[in-house]
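A short reminder: the numbers here are calculations on the coordinates, not readings from a lab. The model shown is predicted, which means the values in this text are computed figures rather than measured ones. Virtual Cβ from ideal backbone geometry, glycine too; neighbours counted across all protein chains shown.
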Amino acid sequence: MRILGLDYGEKRIGVAVCDELGMTTRGIATIARKYWKRDIEQIAALVREYAAQRIVVGYPVRLDGTEGIQCEKVNGFIEALETGVCVPVVKWNEALSTKEAEGLLREADVSRKKRRGIVDRIAAAIILQDYLDHNPNPLGGDTPKPETAKPRRGQER
């Protein structure tokens, strides 16, 4: 069983995948956004390549739990994505995932130039790992909604 994780951004989409046991994640790609059709074709190709059975998309809920303009953009992307892939798409709270990824890369002494190219896939891996940590049976049963999901460490409300 494999699940893809996506960190949808203005310029790039970070992509991560979990191992077959659904325990660990790793960033696998950064898609430079052009237009939805091309982006979705690339994601669909990764779904086929990794035989993914679900896609988890980072959902940018504000720290106070409300949805803003970014959520509207992600919702539009998810609607388009659902028509282009044959697997379920799940929203998952991504609050501060990019900041966490940037912090990890700074701690690892990765240069700014290199960080730009990998921060999105690291953020996707953080989102997907958080999803796996909160879902002991990630392909079965109900998935908590992003606004009701437990906040990640350091994000207690």
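Find how much the distance from Glu67 to Thr83 grows on full extension, using 0.36 nm per residue of separation minus their present alpha carbon separation; answer in nm with one decimal.
3.4 nm
Calculate, in nm to one decimal, what Arg48 and His134 gain on full extension: separation in residues at 0.36 nm each, minus their alpha carbon distance.
Working: separation 86, 0.36 × 86 = 30.96 nm, distance 2.53 nm.
Result: 28.4 nm gained on full extension.
Kindly write out, for segment 20-35 in residue order, the coupling ³J(HN,Hα) from the Karplus curve 6.51 cos²θ - 1.76 cosθ + 1.60 (θ = phi - 60°), rounded to whole Hz, with x marking Gly and Pro.
Karplus-based 3J(HN,Hα) across segment 20-35 equals 5, 8, x, 10, 10, 10, 8, x, 10, 7, 10, 9, 6, 5, 10, 8 Hz.
Quickly work out the Lys34-to-Asn75 label distance, labels modelled 7 Å from Cα along the C-beta direction, and quote it in nm with one decimal.
Placing both labels 7 Å beyond Cα along the Cβ direction yields 2.9 nm.
What does the net charge come to around Ala29 if you take all other residues with beta carbon closer than 12 Å to its beta carbon, with K and R at +1 and D and E at -1?
-1
List every residue whose amide H lies under 5 Å from the amide H of Asn135, counting only residues 5 or more places away in sequence or on a different chain, with H placed 1.01 Å from N in the peptide plane.
The list, which skips near neighbours in sequence, is empty: none.
Please list the non-local residues whose amide H lies under 5 Å from the amide H of Tyr59, H modeled 1.01 Å from N, same-chain partners needing a gap of 5 or more.
Answer set, sorted by chain and number: Trp92, Asn93, Glu94.
Could you work out the local net charge near Asp7, counting Lys and Arg as +1, Asp and Glu as -1, over the other residues with Cβ closer than 9 Å to its Cβ? Could the numbers behind the result be given before it?
On the way: positive: Arg12, Arg121; negative: Glu94, Asp120.
So the environment of Asp7 carries a net charge of 0.
Points 7 angstrom from Cα along the Cβ direction at Glu41 and Thr24: gap in nanometres?
Going from the Glu41 label point to the Thr24 one covers 3.5 nm.
Taking θ = phi - 60°, what integer Hz values does the Karplus form 6.51 cos²θ - 1.76 cosθ + 1.60 yield along segment 62-70, in sequence order, with x for Gly and Pro?
These are the phi-based 3J(HN,Hα) values: 5, 4, 8, x, 8, 9, x, 4, 4 Hz.
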